[in-house]
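Enquirer: Sharing a structure, written as C-alpha cells. Questions coming.
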Amino acid sequence: MIEIAAIDHIVLRTSRLEQMLRFYCQVLGCRVERETPPQTGLIQLRAGSALIDIVAVDSELGRLGGAAPGAGGNNLDHFCLQLKPVSERDMQAHLRSHGVAVGEFDRRYGAQGFGPSLYIRDPEGNTIELKSQLRPRESGIGQGGEQAS
C-alpha cells in the first residue's frame, strides 16, 4: 500500500530563467540549494520542506520537455510525491496490481536528498515521480553532484 507523506518537488520549465529565479527567491523567499552545470540547466530551490526545480528550456534537460512554455509547450515537467517508507518491490507490485506501467528505480535528488524514485503517468499522461521517504541518516541533504530528478 502506498501512503503519500508530502509533495517532494515540482519541476518548472522556463525561457525566462533570471526572472523566475528573482520571483521565487526574492518575492517568495526560496533559496538556491543546488545547481547543475549551465548546459544541464537545472537549479533547485528550497521551498520549506520541498523543492522547486527550475529548468531552462534551452538546456539539455529543458529540450527533453519539448517547446517552451506557451500554447505549444508545457511549463510543468512533473511533480514528485514523497511516500512514507516502502520497499521498491512492494511499490512496484502495488502499481502493477492497478495496471500502472512501472519503470526502474534510479537514484535522484529531491527535498530529502538523494534516494530511489521512479516515474509513472496518470490517465491524462501527466508524469509523477514517486520517491520513498528517507530516514534522516539516509538523506544526504545538501550533498551535490549526482543525477537530478
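The values are calculated or read from the model by the stated rules, or taken from the named source; none is laboratory data. Computed from a predicted model, the values in this text were never measured in an experiment. Ideal geometry is used to build each Cβ from the backbone, glycine not excepted, and the neighbour counts take in all protein chains shown.
Enquirer: Has segment 81-99 got any residue that is within 14 Å of the chain's Cα centre (by Cα), at pLDDT 90 or above and surrounded by 13 or more Cβ atoms within 10 Å (Cβ to Cβ)? Explain how you work it out, then say what you get.
Expert: Taking segment 81-99 first, the residues within 14 Å of the chain's Cα centre (by Cα) are 81-83.
Okay, now just the ones that are also at pLDDT 90 or above, so none.
The answer is no; no qualifying residue exists.
Enquirer: Still on this structure: When the residues of segment 34-79 are narrowed to those that are part of a strand (DSSP E or B) and out of contact with any strand residue (DSSP E or B) (no Cβ under 6 Å at 6 or more places or on another chain), which ends up nearest to residue 14 (Cα to Cα)? Outline the logic, then answer.
Expert: The first filter runs over segment 34-79 and keeps only residues part of a strand (DSSP E or B), leaving 34-35, 42-47, 50-56, 70, 73, 76-79.
Still in the running and out of contact with any strand residue (DSSP E or B) (no Cβ under 6 Å at 6 or more places or on another chain): 47, 56, 70, 73, 76.
Working: 47: 18, 56: 5, 70: 10, 73: 10, 76: 9 Å.
Filtering first and then ranking leaves 56.
Enquirer: To continue, here is another question. If residue 27 satisfies every condition in (1) at pLDDT below 90; (2) closer than 27 Å to residue 85 by Cα but one, which is the exception?
Expert: (2)
Enquirer: Condition check: at pLDDT below 90 and of a type in the set (A, V, I, L, M). Does residue 141 satisfy that? Quick ask: steps written out before the conclusion?
Expert: Values: at pLDDT below 90: yes; of a type in the set (A, V, I, L, M): yes.
Considered against the rule, which asks whether it is at pLDDT below 90 and of a type in the set (A, V, I, L, M), residue 141 comes out as yes.
Enquirer: Can you find a residue in segment 109-117 that is assigned to a loop (DSSP other than H, G, I, E, B), under 16 Å from residue 7 (Cα atoms) and touching a residue at least 40 places away in the same chain (Cβ under 8 Å)?
Expert: Start the filter on segment 109-117 by keeping residues that are assigned to a loop (DSSP other than H, G, I, E, B), which leaves 111-112.
Now narrow it down to the ones that are under 16 Å from residue 7 (Cα atoms): 111-112.
From the residues that got through so far, the ones that are touching a residue at least 40 places away in the same chain (Cβ under 8 Å) too are 111-112.
Yes, because at least one residue in segment 109-117 is assigned to a loop (DSSP other than H, G, I, E, B), under 16 Å from residue 7 (Cα atoms) and touching a residue at least 40 places away in the same chain (Cβ under 8 Å).
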